[in-house]
1. With a cut-off of at least 3 residues that are touching a residue at least 40 places away in the same chain (Cβ under 8 Å) and touching a strand residue (DSSP E or B) at 6+ places or on another chain (Cβ under 9 Å), name the helices (runs of 4 or more DSSP H) lying wholly within the stretch 4-86.
2. Can you tell me which of (1) farther than 22 Å from residue 86 by Cβ; (2) within 17 Å of the chain's Cα centre (by Cα); (3) among the polar types (S, T, N, Q) is the one residue 194 doesn't meet?
3. Looking at 227, 205, can you tell me which residue is of a type in the set (Lys, Arg), out of contact with any strand residue (DSSP E or B) (no Cβ under 9 Å at 6 or more places or on another chain) and either closer than 29 Å to residue 105 by Cα or outside any helix (DSSP H, G or I) (or both)?
4. Name the one entry in 9, 60 that is modelled with pLDDT of 95 or more, touching a helix residue (DSSP H, G or I) at 6+ places or on another chain (Cβ under 9 Å) and either within 30 Å of residue 198 (Cα to Cα) or buried (at least 20 other Cβ atoms within 10 Å of the Cβ) (or both).
5. Here is a list of conditions, (1) crowded, with 21+ Cβ neighbours inside 10 Å; (2) modelled with pLDDT of 95 or more; (3) assigned to a helix (DSSP H, G or I), and residue 146 meets all of them except one; can you say which number that is?
6. Those residues that are among the acidic types (Asp, Glu) and crowded, with 18+ Cβ neighbours inside 10 Å, I need them from the stretch 176-206; list them, please.
7. If a residue has to be in contact with a helix residue (DSSP H, G or I) (Cβ under 7 Å, 6 or more places away or on another chain) and either surrounded by fewer than 16 Cβ atoms within 10 Å (Cβ to Cβ) or part of a loop (DSSP other than H, G, I, E, B) (or both) to count, how many in the stretch 210-224 make the cut?
8. Which residue pairs have Cβ atoms under 7 Å apart, sit 6 or more places apart or on different chains, and have a first residue in the stretch 88-106 that is within 21 Å of residue 78 (Cα to Cα) and a second that is of a type in the set (S, T, N, Q) and in a loop (DSSP other than H, G, I, E, B)?
Amino acid sequence: MTPESSNRPVALITGASAGLGLALAHGLADRGWTLVIDARGADALKDAADALAGRTDVVPLAGDVTDPEHRADLLDAVTELGRLDLLVNNASYLGPSPLQPLGVADLDELRRVYEVDVVAPIALTQALLPELTTASGVVLNISSDAAVEAYEGWGGYGSAKAALDHATAVLAAEHPSLAVYAVDPGDLRTAMHQAAFPGEDISDRPEPSTVVPAFLQLLDSRPKSGRYRAAEFAPAVTS
């Protein structure tokens, strides 16, 4: 860590080894942000960190966001850096593939969906509130259109994201000095989206990198806390 880097904004991004999390990490790295990144897969996370390391300071910490010890490690990393300007709760769990209708859904899998998609983001936000408050920072929770639309088979994931949306709104009301957002990025060409449609061709979905400008515009404009769609801030490129 150089003296100059201590003055850079700091972001913690969960689920940052692939997909939208990794794309956001690259977008922030291009702006000189210092990054703490997390994912369950240590090898993929190391590859992501290696790709970022030439452009910014990056701290990779492999682990499961539902694990209190791992969340404590993330807090320690932020404390070591001395600040936190942005928390991106991106890590999510879809549930089994193919998706299960609610009427026959495995309840242990549903509990896992809620632990990853609702409880863990709240717990991590709780742990990091002092640092975020000091920085008048931003909490960015990644949502989905399944949180507001009723799609067959999406009951577990969609209802969990709906719960996260409401938790986002409550946190915003309780902490007016922060900007607290739930953002639906739209359908993207990711491994999770492919798992939702096994065997189908999803090559018509845009790459995660195409929505990064929208997220950066959100951070730049810092609108009032609330739920947004990425498309409201910049058009997604579909090629």
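The values are calculated or read from the model by the stated rules, or taken from the named source; none is laboratory data. Given the structure is predicted, the values throughout are model-derived calculations rather than measurements. A quick note on method: Cβ atoms are made from the backbone with ideal geometry, for glycine too, and the neighbour counts reach across all protein chains shown.
1. Details: elements: 19-29, 42-53, 68-81.
Answer list for the stretch 4-86: 19-29, 68-81.
2. (2)
3. Numbers: 227 fails: out of contact with any strand residue (DSSP E or B) (no Cβ under 9 Å at 6 or more places or on another chain).
Only one candidate qualifies: 205.
4. Working: 9 fails: either within 30 Å of residue 198 (Cα to Cα) or buried (at least 20 other Cβ atoms within 10 Å of the Cβ) (or both).
Within the list 9, 60, the selection yields 60.
5. So residue 146 meets the others, but not (2).
6. If we filter the stretch 176-206 for residues that are among the acidic types (Asp, Glu), which is where we start, we get 184, 187, 200-201, 204.
Once the filter is applied, which keeps residues that are among the acidic types (Asp, Glu) and crowded, with 18+ Cβ neighbours inside 10 Å, the stretch 176-206 yields only 184.
7. Step one: filter the stretch 210-224 for residues in contact with a helix residue (DSSP H, G or I) (Cβ under 7 Å, 6 or more places away or on another chain), giving 211-212, 214-216.
Among the residues that remain, those that are also either surrounded by fewer than 16 Cβ atoms within 10 Å (Cβ to Cβ) or part of a loop (DSSP other than H, G, I, E, B) (or both) are: none.
Residues that pass the stated criteria total 0.
8. 88/14; 89/14; 90/14; 91/14
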